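The values are calculated or read from the model by the stated rules, or taken from the named source; none is laboratory data. As the structure is a computational prediction, the values presented were derived from the model and not from experiment. Cβ: placed from backbone, ideal geometry, glycine included. Neighbour counts: every protein chain shown. All accessible areas refer to the heavy atoms of the entire protein, side chains included, with ligands and DNA or RNA removed. Shrake-Rupley method; radii C 1.70, N 1.55, O 1.52, S 1.80 Å.
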Amino acid sequence: MEIKIKVENLTFYYGNFKALDNISIDIEDRKITALIGPSGCGKSTFIRTLNRMNDLIAGTKVEGTILLDGKDIMKNEIDAVELRKRVGLVFQKPNPFPKSIYENVVYGPKRHGIKNKAQLDEIVEKSLQGAALWDEVKDKLHGSALALSGGQQQRLCIARCLAMQPEVLLMDEPTSALDPIATMKIEELFETLKKNYAIVIVTHSMQQAGRISDNTGFFLNGELVEFGQTDILFTKPRDKRTEDYITGRFG
Amino acid sequence: MEIKIKVENLTFYYGNFKALDNISIDIEDRKITALIGPSGCGKSTFIRTLNRMNDLIAGTKVEGTILLDGKDIMKNEIDAVELRKRVGLVFQKPNPFPKSIYENVVYGPKRHGIKNKAQLDEIVEKSLQGAALWDEVKDKLHGSALALSGGQQQRLCIARCLAMQPEVLLMDEPTSALDPIATMKIEELFETLKKNYAIVIVTHSMQQAGRISDNTGFFLNGELVEFGQTDILFTKPRDKRTEDYITGRFG
Amino acid sequence: GCGSKSGNQSHQEPAVQEARLSGEIKIDGSSTVFPITEAIAEEFIAMYPEVKIPIGVSGTGGGFKKFVNKETDISNASRPIKDKEAEAAKGAGVEYIELKVAYDGLSVLVNPQNTWVDSLTVEELKKIWAPDSTVKTWKDVRPEWPAEEIKFYAPGTDSGTFDYFTEEINGKSGAIRQDFVASEDDNVLVQGIAGDKNALGFFGYAYYVENKDKLKVVKIDNGNGPVEPTFKTIQDGSYAPLSRPIFIYVNKAALERPEVKEFTIFYLEKAKEIVPQVGYVALPDEEYKKGLSLVK
Amino acid sequence: MKNEQKRKDRGRIGEFTIETILRFFAGISILTTIAIVWTLFSETIIFFKEVSITEFFTGTKWTPTLEPRHFGILPLFVGTMMIAIGASIIALPFGLGSAIYLSEYAPKRVRKIIKPLLEILAGIPSIVYGFFALTFITPILQKFLPQTQVFNAASASIAVGIMIIPMVASLSEDAMMAIPDSIRQGAYALGSTKFEVATKVIVPAALSGIGSAFVLAVSRAIGETMIVAIAAGQSPVLTFNPLKSIQTMTGFMVNISLGDIQHGTIEYKTVFAVGAMLFVITFVMNIIAKMIVNRYREEY
Amino acid sequence: MEVRTEQNIYKQKKSRNIRIRKAKNIIFYSIILGATGFGILVLGLLLYQILKTGLAWLSIDFIMNMPSRFPQKAGIKSALAGSIWVISLTALFSFPLGVGTALYLEEYSQKGTWLNKLLQLNISNLAGVPSIVYGMLGLAVFVKMLQFERSILSGALTLTLLILPVIIVASQEAIRSVPETLKQGSFALGVTKWQTITGVVLPYALPGILTGSILAISRAMGEAAPLIMVGAAGYVAFLPSSPLDSFTVLPIQIFNWTSRPQEEFKNIAAAGIIVLMALLLFANGAAVMLRNKYQNRMD
Ligand SMILES: Nc1ncnc2c1ncn2[C@@H]1O[C@H](COP(=O)(O)OP(=O)(O)OP(=O)(O)O)[C@@H](O)[C@H]1O
Ligand SMILES: Nc1ncnc2c1ncn2[C@@H]1O[C@H](COP(=O)(O)OP(=O)(O)OP(=O)(O)O)[C@@H](O)[C@H]1O
Ligand SMILES: [Mg+2]
Ligand SMILES: [Mg+2]
Ligand SMILES: O=P([O-])([O-])[O-]
């Protein structure tokens, strides 16, 4: 077991509102970690702290440490730009750039120095295929990304992230807008990717968490109630609240 | 069986791209109609034509007729403003106004002539409760709607729509960002609402469609492949493609 | 042009010889003098195309400031240099000669609908415009005139015209009643007086000449009977005291440069012909000769 | 790996360089500000050694170039305010109306033509507006209000107002266009009329941009010189009647600074005192505008 | 059925309410259409007056001749050349400077510090400083201190300072309107701030930035007073050949003509104004086209 990201005593505030309370968690390399919990419990907030996206929101405050490969990301041992390159994030709400599909995918690679047209073309095809979108858009690569359906936009954002080949993939409800078949394809992709990457996914589908993840964390009101191996968490939860939640008896 | 919306030979174009092809469908009053189909097949497009939201996109073209209570909505027998008041729509991607939570909910009622503060307060509470959001936000009603989590925004948009008390509810993947418990609450709400309203929901969850809908339509590449009673469609689909899709053998 | 033949003749010669005159002559100063200098420069350049003559319009005072700073070779001035300015020039080591180039007649004007005013005496002008004037209506000027309130119009308080008028009429530059409407632009004053039945104002003669149909000029009585401003009465001095000389000042050091010298001579020789073309009144011939002798 | 590192270093140096350059650019704005404040206030201090502050702020007679001299700035202040308020009354509603029309109602093609057309209005030299006021607006005013003087505050302020319409319209329109369409659609889906979408959703969401447009435009109105110099009459009389001739602070300044005034004289220093005063006025106005915008803005 | 009528609080009000609201919409529509029409009407009127007086005097000769005291011979060549010089330089200086400052203020500087707030306030305040003050400043700094003399360069730098506030404030607003989600999307891909700015922020903000620049350049093109102060000449009968040459510009030439007594020169001034507007259209043309390209509503 190799720990890719080590989070210790992480507490996070939006203004005065404590959105995360003393979270400690180990994200293992080459494993899929699922985060579940009711809406508004802090899953997105947590995942965004892992690549310091919350830095960009005014009036927020973080405490605790986050180590990526043993280096403290909050103490500028790794700078934010490099961190984000290594730790890719797909947002909950699809946010394609108001550019063409092609330009959306090559946006990252281009900025990281890849100029060669053929190479870029290849990246586009691979990434879109990975995100199970290639067939649908291959004829309109230069059309606007905003003219895509909701699910297509979501997959485009996944492709955009894959194109960067990050070491860690953070996915905030990556299949929420997808039909079962597209979801299945994405899940298959995760299975492949996890051979090389650490993957964290937020999901509200317990089936999905059970299906694909190795470890699962259950969040509630900003607390990490329980964290452990997925099969154990789902079959023998230690905490009453976890049990209530996964059996649907909650609330 | 009372038909609330009658769609006949509806064809829809984005520019030259035919997104809907000759759709005919009857939306029954006091029933829940589910629309399923792979991502990008035209579900959102279809649902948006029902309250003429697509009018707002430049370069689109509609053919065919849509009758609401027997009146042709496309021939200005009902004008768009009234139509949209009577036929409420919740978008796939949450789009709260950059105002407070409270102002988001009362936006519609205020426009439609309700001035009384007490009455508005009541509407806000009721609508937010209906959307299973009240408890989470009752203390920050005058905080920004944009500071809500993804799922909370989605529920806010549902509440905003409920506050209008439309006759028909169009919901584009209303629970995609919600955890099972919140989803359950929203589904319960639909069960209550359907006593008075016609409800159309787009969903990619076949379980959900099976659970709550009375009728189901299966879309594929802009066509309505099959439409009928939900239990029949899921158990004895007439079309091979429907069968493939619902059994997951598709694609 | 219908210039005098002899004038042209006298210059044909040097033109051939010195056609290669070049360099830049920097001129700035009065907006009143500007049209004359501009016209002269235009003629000069036609003969010596290599010479550049940019002419600025920063007003007489502004012009002198640059002149003193040696930023310009020639300064246009609608009044003689003031003591303070002369001192400054001395301090900066700038020597110069003063050349009169034309007369500017100041006209006093009323609206054409004004049927009663035909002439005013200098005394009356003073009574009207004095800083402590009690004149409110025409009746206050002459009892037989109507008791309608007069509206006063005058050029901008910082123009040479304004200075001259106040000095000549009220005895002190800048001393004037305070309830008048002012404008930097004489065309604007034309509009004002033309649109106001009870207007009374004054400004440069040229603007009256061009707008005779819209305005009525007032004859001025300096004790020798009412005199109307015309080219003739201004030139021979009978239209008094409201005609003033205008000047150029030439830096002596710059005058050493052939192009400046040639230009200055050209200016004085051509002035008689060109000055009337741009709406001013030429000086008597002797005055130009006097100037030429200073330059040569 | 080594290359990678190099590239990163270069990237970081690049970022740093760019930030430095941008900081330098911003520094120029700061320098300009300082230079202007210095230009105005250093002479103003000397001015106040010669003229009493009380007279300056409370006197009602302004004749710094005429004997006897008076230095009461109130007439100019009132004149300036009349022009600014009058121009705002014209430009803000017309400008905002045009902006809403262009952003929310007009077909794309119409917008593409009308917007640049309106912007031409901003480029016509102000003397043209001055003569337009004098020879076109004033006669119309005189027809309806015969007591109107040839030079008057009203017609100048109308012309100034017209001149700044494009500023309000164009900048506000951009602010509204930048509101994402999904917000608009959300409002329409709730059965809003266009009017309601525009006034209840779009304008509040774009308020910051609209506020800036207003502030820029009104500042421009306050700072405008030529129009008022031509059409308002240059008579520094304390009056609240817009049909009478007045003088503004800028009108006075242009008068002196382009006229025949010797540097170092009291008249000359007066220009700076008036300029400094104007600076203070616009400053206060900006603060108030900021406060109003912050009070009403609905942006989160 | 009963439940429904009882429950639906809108029912009784509905039809009347909608009619009123639609009427309001129509009224509002007429009002704003009128407002836009008013602007267009005034423009039309101005144009008509100018064209009526000026068009007859407009000819190739007019554009190719130097100024002259004879109306028939008077031309605008040197002023046109001067304006082109000055405006090109002004645009060259002010655009990067203005946009750069705006970027710094919006994306880099510490917001909320008192220094920043003061600076911010002051920039919009600078827009209200009358142009002659900029003239004085330009005279002191560029002409005297930096010894650029009374040149095109001094003029362009002075105008740059004059129009900077408009470009900065407009650009700031445009930059501020870029949706946060887009910027975050870019940052999440591990690109640097500057790359995010060039990749997402500037393209989105471009229409607003261009509008500010168009308005500002237009203003610069019509200014006479500050240039007179830094020493632009009223009469120039040669073409400037370098940024350090003496010069005049169209508005000064026009101003010069309008202030002459002779009626013909008023017509020539109108012809000059037509040339100025044509130049304006031409200079802004590229910006307008670029803006049209980028200004599509974005989601
Ligand atoms: N504005 C638009 N312009 C052009 N094409 C569009 C536009 N919006 C959608 N499309 C295309 O129309 C098709 C149908 O889109 P639609 O949004 O209706 O799909 P959907 O069934 O809702 O998919 P999803 O489940 O992913 O939301 C897709 O192929 C999409 O790319
Ligand atoms: N920008 C913000 N400012 C203030 N509060 C916020 C902000 N974003 C989120 N919150 C609050 O923080 C809490 C956690 O939000 P977060 O987005 O992490 O929830 P989540 O677990 O992702 O929920 P969901 O499943 O609905 O997306 C919520 O109560 C939310 O209202
Ligand atoms: Mg979330
Ligand atoms: Mg959809
Ligand atoms: O410009 P003047 O000094 O002649 O008024």
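Any residue in the stretch B:94-117 that is crowded, with 17+ Cβ neighbours inside 10 Å, under 21 Å from B:Q154 (Cβ atoms) and within 16 Å of ligand 4 (Cβ to nearest atom)?
yes
Pick from the stretch C:126-171 the residues that are more than 23 Å from D:P64 (Cα to Cα) and in a helix (DSSP H, G or I): which of them is nearest to ligand 4 (Cβ to nearest atom)?
Looking at the filtered set, the residue picked out is C:W138.
Residues to consider are C:P241, C:P284, C:P226; find the one that is in contact with a Lys or Arg (Cβ under 7 Å, 6 or more places away or on another chain), farther than 21 Å from E:E263 by Cα, in contact (Cβ under 8 Å) with a residue 24 or more places away in the chain and surrounded by fewer than 23 Cβ atoms within 10 Å (Cβ to Cβ).
Just a single option satisfies the conditions, and that option is C:P226.
Just to confirm my filter: which helices (runs of 4 or more DSSP H) fall fully inside the stretch E:54-133 and include at least 3 residues that are surrounded by 17 or more Cβ atoms within 10 Å (Cβ to Cβ) and at pLDDT below 85?
Passing ranges, in order: E:114-126.
When residues of the stretch D:264-280 are filtered for being touching a helix residue (DSSP H, G or I) at 6+ places or on another chain (Cβ under 8 Å) and open to solvent by 20 Å² or more (accessible area, probe 1.4 Å), how many remain?
So the answer is 5.
Filter the stretch C:43-63 down to residues that are at pLDDT 90 or above and closer than 13 Å to C:G29 by Cβ and give me whichever is nearest to ligand 5 (Cβ to nearest atom).
C:I55
Can you tell me which condition A:S205 does not meet? The list is (1) within 16 Å of ligand 3 (Cβ to nearest atom); (2) surrounded by 23 or more Cβ atoms within 10 Å (Cβ to Cβ), and all the others hold.
Going through the list (1) within 16 Å of ligand 3 (Cβ to nearest atom); (2) surrounded by 23 or more Cβ atoms within 10 Å (Cβ to Cβ), A:S205 breaks only (2).
Checking the condition basic (K, R) and without any contact (Cβ under 8 Å) to a residue 12 or more places away in the chain, which residue from C:K70, C:K84 passes?
It is C:K84.
In the stretch B:140-162, which residues are of a type in the set (A, V, I, L, M, F, W, C) and either in a helix (DSSP H, G or I) or open to solvent by 20 Å² or more (accessible area, probe 1.4 Å) (or both)?
Once the filter is applied, which keeps residues that are of a type in the set (A, V, I, L, M, F, W, C) and either in a helix (DSSP H, G or I) or open to solvent by 20 Å² or more (accessible area, probe 1.4 Å) (or both), the stretch B:140-162 yields B:L141, B:A145, B:L146, B:A147, B:L156, B:C157, B:I158, B:A159, B:C161, B:L162.
Just to be sure before I move on: is E:V191 facing chain A (nearest Cβ under 10 Å) and open to solvent by less than 20 Å² (accessible area, probe 1.4 Å) in the structure I sent?
yes
Take B:L189 and decide whether it is assigned to a helix (DSSP H, G or I), free of Cβ contacts under 8 Å to residues at least 40 places away in the same chain and of a type in the set (A, V, I, L, M, F, W, C).
Answer is no for this residue.
Please specify each residue of the stretch D:111-145 satisfying the condition of being assigned to a helix (DSSP H, G or I), open to solvent by 10 Å² or more (accessible area, probe 1.4 Å) and more than 9 Å from every other protein chain (Cβ to nearest Cβ).
D:I113, D:I137, D:I140, D:L141, D:K143, D:F144
Run down D:V237, D:V203 and say which single residue is open to solvent by 10 Å² or more (accessible area, probe 1.4 Å) and either away from chain C (no Cβ under 14 Å) or among the charged types (D, E, K, R) (or both).
D:V203
Would you call B:T11 within 22 Å of A:S149 (Cβ to Cβ), touching a residue at least 40 places away in the same chain (Cβ under 8 Å), touching a Lys or Arg at 6+ places or on another chain (Cβ under 9 Å) and more than 16 Å from ligand 5 (Cβ to nearest atom)?
yes
Select, from D:M291, D:M226, D:M249, D:M253, the only residue that is open to solvent by less than 30 Å² (accessible area, probe 1.4 Å), away from ligand 5 (no atom under 16 Å from the Cβ) and without any contact (Cβ under 8 Å) to a residue 40 or more places away in the chain.
D:M253
Assess whether B:I32 counts as being open to solvent by less than 10 Å² (accessible area, probe 1.4 Å), away from ligand 5 (no atom under 16 Å from the Cβ) and closer than 26 Å to B:P237 by Cα.
Judged against the criteria, B:I32 is a match.
Over 23 Å from the mean Cα position of the chain (by Cα) and either more than 16 Å from ligand 2 (Cβ to nearest atom) or under 21 Å from C:L242 (Cβ atoms) (or both) - does that describe any residue in the stretch C:150-164?
Yes.
Do any residues in the stretch B:175-186 that are in contact (Cβ under 8 Å) with a residue 60 or more places away in the chain have Cβ atoms under 7 Å from those of residues that are outside any loop (DSSP other than H, G, I, E, B) and open to solvent by less than 10 Å² (accessible area, probe 1.4 Å), where the two are at least six apart or on different chains, and which pairs are they?
Pairs that qualify, where the first residue is in contact (Cβ under 8 Å) with a residue 60 or more places away in the chain and the partner is outside any loop (DSSP other than H, G, I, E, B) and open to solvent by less than 10 Å² (accessible area, probe 1.4 Å), are B:A177/B:G151; B:A177/B:Q154.
Given the conditions (1) at negative phi; (2) more than 16 Å from ligand 2 (Cβ to nearest atom), and given that A:N76 satisfies all but one, which numbered condition is not satisfied?
(1)
Return yes when E:S246 is part of a helix (DSSP H, G or I) and either open to solvent by less than 20 Å² (accessible area, probe 1.4 Å) or touching a residue at least 12 places away in the same chain (Cβ under 8 Å) (or both) and no when it is not.
Criteria not met by E:S246.
Considering only the stretch D:52-72, I want to know if a residue exists there that is buried (at least 17 other Cβ atoms within 10 Å of the Cβ), within 28 Å of the chain's Cα centre (by Cα) and assigned to a helix (DSSP H, G or I).
The answer is yes; a qualifying residue exists.
If I filter the stretch A:40-57 for residues that are exposed (fewer than 15 other Cβ atoms within 10 Å of the Cβ), more than 14 Å from ligand 3 (Cβ to nearest atom) and more than 30 Å from E:E107 (Cα to Cα), do I get at least one hit?
Among the residues of the stretch A:40-57, not one is exposed (fewer than 15 other Cβ atoms within 10 Å of the Cβ), more than 14 Å from ligand 3 (Cβ to nearest atom) and more than 30 Å from E:E107 (Cα to Cα), which makes the answer no.
Does B:Q165 satisfy being surrounded by fewer than 22 Cβ atoms within 10 Å (Cβ to Cβ) and more than 22 Å from B:G37 (Cβ to Cβ)?
no
If D:S245 satisfies all but one of (1) within 13 Å of chain C (Cβ to nearest Cβ); (2) under 23 Å from E:G231 (Cα atoms), what's the number of the condition it fails?
Condition not satisfied by D:S245: (2).
Identify the residue in the stretch D:152-193 that is of a type in the set (V, I, T) and assigned to a loop (DSSP other than H, G, I, E, B) and, among all such residues, is farthest from the other protein chains (Cβ to nearest Cβ).
Taking the candidates together, the pick is D:I179.
Of the residues E:P207, E:P203, E:P165, which is assigned to a helix (DSSP H, G or I), within 11 Å of chain A (Cβ to nearest Cβ), more than 22 Å from E:V236 (Cβ to Cβ) and not hydrophobic (A, V, I, L, M, F, W, C)?
Exactly one of E:P207, E:P203, E:P165 is assigned to a helix (DSSP H, G or I), within 11 Å of chain A (Cβ to nearest Cβ), more than 22 Å from E:V236 (Cβ to Cβ) and not hydrophobic (A, V, I, L, M, F, W, C), namely E:P203.
Which of (1) crowded, with 23+ Cβ neighbours inside 10 Å; (2) in contact (Cβ under 8 Å) with a residue 60 or more places away in the chain; (3) within 12 Å of chain D (Cβ to nearest Cβ) is the odd one out, the single condition E:I268 does not satisfy?
(3)
Checking A:S176 against (1) within 16 Å of ligand 2 (Cβ to nearest atom); (2) assigned to a strand (DSSP E or B), which single condition isn't satisfied?
(2)
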